[in-house]
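Inspection log for the structure reproduced underneath, given as structure tokens.
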């Protein structure tokens with residue numbers, strides 16, 4: 001029987017069109033959209049009090065994946081009418097939402113984002129800040145710590161976590177075995193083993209370094225505890241590319257690239273897919289949903305792939321990173337009389353057993369939900385015949401060790417654009433990573449300041 005978790009995939013890609021802050025004003029202190037006065041009791045009452053009808057509009061790029069859960073909610077709480085809208089792709093969604101907010105017309109009450117894309121709307125007053133003691137306790141107790149931290153920005157609470165994707169290392173065990181190499185458990189071992197592999201066969205690499213998105217590069221720093229950026233308030237950011245931890249990661253990546261351990265490539269090409277299929281890379285470092293795609297893409301390689309925890313920066317240390325996931329937010333334009341119901345709906349969709357089960361049943365697979373209760377029903381797992389392991393337990397272990405001391409800058413896609421313009425060429429040219437990262441830091445600083453942020457460089 002195929003393992004439940006081997007079919008895992010994240011609900012929504014964290015890619016979205018960045019709509020510059022200039023589209024709706026520069027960084028500001030708009031706090032008109034807050035949930036002051038709304039308590040946990042108000043949220044619960046919104047679900048149980050059917051004496052009045054509440055109408056909510058919900059926009060989600062993952063429309064098809066969420067349809068069953070929305071239908072389950074509507075059946076259980078018919079007094080809360082959900083107008084569920086498919087806004088198109090992530091980029092279409094962001095454009096439509098920004099246009100609606102700017103026009104102050106047709107703004108939905110509830111919206112779905114990736115962790116790295118809600119910030120651009122939160123920082124410009126487009127999302128409801130529902131941080132207060134009552135809701136922090138009521139909602140926060142339901143979700144994994146890293147996921148809960150991920151929906152806070154500049155001291156505010158702007159979303160409810162939906163799913164989260166811990167990263168693991170998928171290994172072509174047959175390749176390592178062929179060359180008499182062991183599986184690395186630390187990044188030092190990863191480098192040494194990868195160097196030996198490349199020396200034995202110059203056509204092979206231990207893995208690759210993604211050039212198309214910033215998150216795969218920044219995840220090395222997150223796992224190492226190098227907080228290269230942070231959000232101080234809705235008008236201030238910090239950059240710290242020169243810490244000792246950051247420099248250690250720079251040095252590691254530099255030698256990996258120069259010594260043939262990591263090959264800088266863009267994974268969004270047919271050539272990459274062919275190379276991965278042909279065994280050019282002995283490992284694939286990615287989010288837990290990648291296991292599902294490996295199985296479907298390379299069915300003849302069953303038994304050749306194994307799943308391991310990420311190598312650690314220090315032997316025995318347990319720190320993992322995550323690269324994707326989704327959240328549900330309530331817009332600041334939501335009528336105050338509807339806000340408790342909107343929060344209740346978003347929370348029920350993301351944490352109730354009925355909704356989680358509907359996600360799984362309707363999608364022929366299993367999302368790694370951010371709700372703590374998810375473990376109760378799916379934590380044990382079973383052996384996956386493709387990997388020959390109980391990958392469920394491995395994924396849960398990875399999720400338990402996600403480094404939550406991390407913040408997303410409120411212009412995620414622009415961050416990717418600067419990465420491909422500034423970082424990627426340097427990585428491809430095998431420059432010292434510290435040199436290229438310094439240019440990237442300058443680009444981020446210049447961009448943020450033009451949007452009205454005060455930037456502190458440490």
Original post:
So residue 160 clears everything in (1) surrounded by fewer than 23 Cβ atoms within 10 Å (Cβ to Cβ); (2) more than 14 Å from residue 407 (Cβ to Cβ); (3) in the same structural domain as residue 351 (by TED's automatic domain parsing) except one condition, right? Which one?
Top reply: (1)
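So, in region 436-458, of the ones that are assigned to a helix (DSSP H, G or I) and out of contact with any helix residue (DSSP H, G or I) (no Cβ under 7 Å at 6 or more places or on another chain), which residue ends up surrounded by the most Cβ atoms within 10 Å (Cβ to Cβ)?
448
Is it true that residue 221 is under 19 Å from residue 429 (Cβ atoms), modelled with pLDDT of 95 or more, crowded, with 20+ Cβ neighbours inside 10 Å and assigned by TED's automatic domain parsing to the domain that holds residue 315?
Criteria not met by residue 221.
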Original post:
Among the residues of region 181-197, which ones are crowded, with 19+ Cβ neighbours inside 10 Å and outside any loop (DSSP other than H, G, I, E, B)?
Top reply: 187, 190, 191, 193, 194, 197
Subject >> Qualifying positions in region 376-399 - in contact with a strand residue (DSSP E or B) (Cβ under 9 Å, 6 or more places away or on another chain) and without any contact (Cβ under 8 Å) to a residue 40 or more places away in the chain >> reply: 396
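Can you find a residue in region 301-320 that is within 30 Å of residue 130 (Cα to Cα) and buried (at least 19 other Cβ atoms within 10 Å of the Cβ)? Full working, then the answer.
Looking only at region 301-320, we keep the residues that are within 30 Å of residue 130 (Cα to Cα), and these are 319-320.
Checking the rest, the ones that are also buried (at least 19 other Cβ atoms within 10 Å of the Cβ) come to 320.
Yes, region 301-320 contains a residue that is within 30 Å of residue 130 (Cα to Cα) and buried (at least 19 other Cβ atoms within 10 Å of the Cβ).
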Original post:
Quick one: which helices (runs of 4 or more DSSP H) sit completely within region 256-368 and have at least 3 residues that are without any contact (Cβ under 8 Å) to a residue 12 or more places away in the chain and within 24 Å of residue 419 (Cα to Cα)?
Top reply: 270-277
Original post:
Is one or more of the residues making up region 241-257 on the phi < 0 side of the Ramachandran plot, at pLDDT below 95 and within 23 Å of the chain's Cα centre (by Cα)?
Top reply: no
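Per-residue answers, yes or no, for (1) closer than 26 Å to residue 340 by Cβ; (2) modelled with pLDDT of 95 or more:
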residue: 62; (1), (2): yes, no
residue: 67; (1), (2): yes, yes
residue: 70; (1), (2): yes, yes
residue: 75; (1), (2): yes, yes
residue: 78; (1), (2): yes, yes
residue: 84; (1), (2): yes, yes
residue: 88; (1), (2): no, no
residue: 91; (1), (2): no, no
residue: 108; (1), (2): yes, yes
Original post:
Only one residue in 181, 204, 176, 209 is within 27 Å of residue 440 (Cα to Cα), assigned by TED's automatic domain parsing to the domain that holds residue 228, in contact with a helix residue (DSSP H, G or I) (Cβ under 8 Å, 6 or more places away or on another chain) and modelled with pLDDT of 95 or more, so which one is that?
Top reply: 209
**OP:** Please specify each residue of region 379-417 satisfying the condition of being in a helix (DSSP H, G or I) and in the same structural domain as residue 287 (by TED's automatic domain parsing).
**Re:** 412, 413, 414, 415, 416, 417
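The values are calculated or read from the model by the stated rules, or taken from the named source; none is laboratory data. All figures in this text were calculated on a predicted structure; none of them were measured in a lab. So basically every Cβ, Gly included, is an ideal-geometry build from the backbone, and we count neighbours across all protein chains shown.
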